[in-house]
1. If I stretch the segment between E41 and K64 completely, what's the gain in nm (0.36 nm per residue apart, minus their alpha carbon distance), one decimal?
2. State the number of lysine pairs found in the chain whose Cα atoms come within less than 23 Å, restricting to pairs 8 or more positions apart or on distinct chains.
3. Can you give me the Kirkwood hydrodynamic radius for region 22-75, using every pair of distinct Cα atoms, in Å to one decimal?
4. Run the accessible area of the chain with a 1.4 Å probe and give the carbon-and-sulfur part as a rounded percent.
5. Please state the relative contact order of region 45-106 as a whole percent: Cα pairs under 8 Å, 6+ residues apart?
6. Given the convex hull of the Cα atoms of region 76-121, what is a quarter of its surface area in nm²?
7. Bin all alpha-carbon pair distances of the chain at 5 Å intervals from 0 and give each bin's fraction as a whole percent.
8. Nearest 500 deg cm²/dmol is fine: what mean residue ellipticity at 222 nm does the chain get from its DSSP H runs of n ≥ 4 alone, each adding -39,500 (n - 2.57), divided by its residue count?
Amino acid sequence: VQLQASGGGLVKAGDSLRLSCAASGGTFEDYGLGWFRQAPEKEREYVAAISWSGGSIDYIDSVKGRFTISRDNAKNTVYLQMNSLKPEDTAVYYCAADRGGMGSFLTGRILESWGQGTLVTVSS
């Protein structure tokens with residue numbers, strides 16, 4: 001499956017953004033989906049994941065209560081709603097897909113597909 005991320009931009013601390021990741025070329029419902037981010041001079045880190053049905057969701061502690069991952073299987077799209085943004089959320093955000101389920105995102109295995117990244121910059 002091919003992934004195309006969008007929705008990044010420059011915002012102020014406390015603002016909101018919604019990232020989207022559109023999939024094509026595969027059976028969307030077969031895939032668990034996730035978001036990762038990479039801040040300048042830091043390693044890429046896992047942010048959130050959602051199972052194929054949307055019934056299982058996971059977040060890193062630093063975004064719990066602020067970020068919401070969701071998927072629309074009819075639109076072949078996964079979203080990341082980001083509220084109360086902080087300067088430390090500044091990063092390039094990547095979406096990823098894998099047919100191995102939630103565990104693929106939580107165990108660090110090599111994932112099947114990645115989007116190209118979208119830059120989120122949060123000013124203080």
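The values are calculated or read from the model by the stated rules, or taken from the named source; none is laboratory data. Not measured: the values here are computed from a predicted model. Ligands, DNA and RNA are excluded from the accessible area calculation, which covers all protein heavy atoms including side chains. Shrake-Rupley method; radii C 1.70, N 1.55, O 1.52, S 1.80 Å.
1. Here the segment from E41 to K64 would lengthen by 5.9 nm.
2. Numbers: K12/K42; K12/K64; K12/K86; K42/K64; K42/K86; K64/K86.
Here the count comes out as 6.
3. After inverting the mean inverse Cα-Cα distance, the result is 12.4 Å.
4. Exposed carbon and sulfur together represent 47 percent of the surface.
5. On the way: 55 pairs, mean separation 18.1, N = 62.
The normalised contact order for region 45-106 reaches 29 percent.
6. The orientation-averaged projected area of the Cα hull of region 76-121 comes to 4.1 nm².
7. Whole-percent P(r) values from 0 Å outward: 2, 13, 24, 26, 20, 10, 5, 1, 0.
8. On the way: 1 runs with 5 residues, N = 124.
Roughly -1000 deg cm²/dmol at 222 nm, from the helical runs in the chain.
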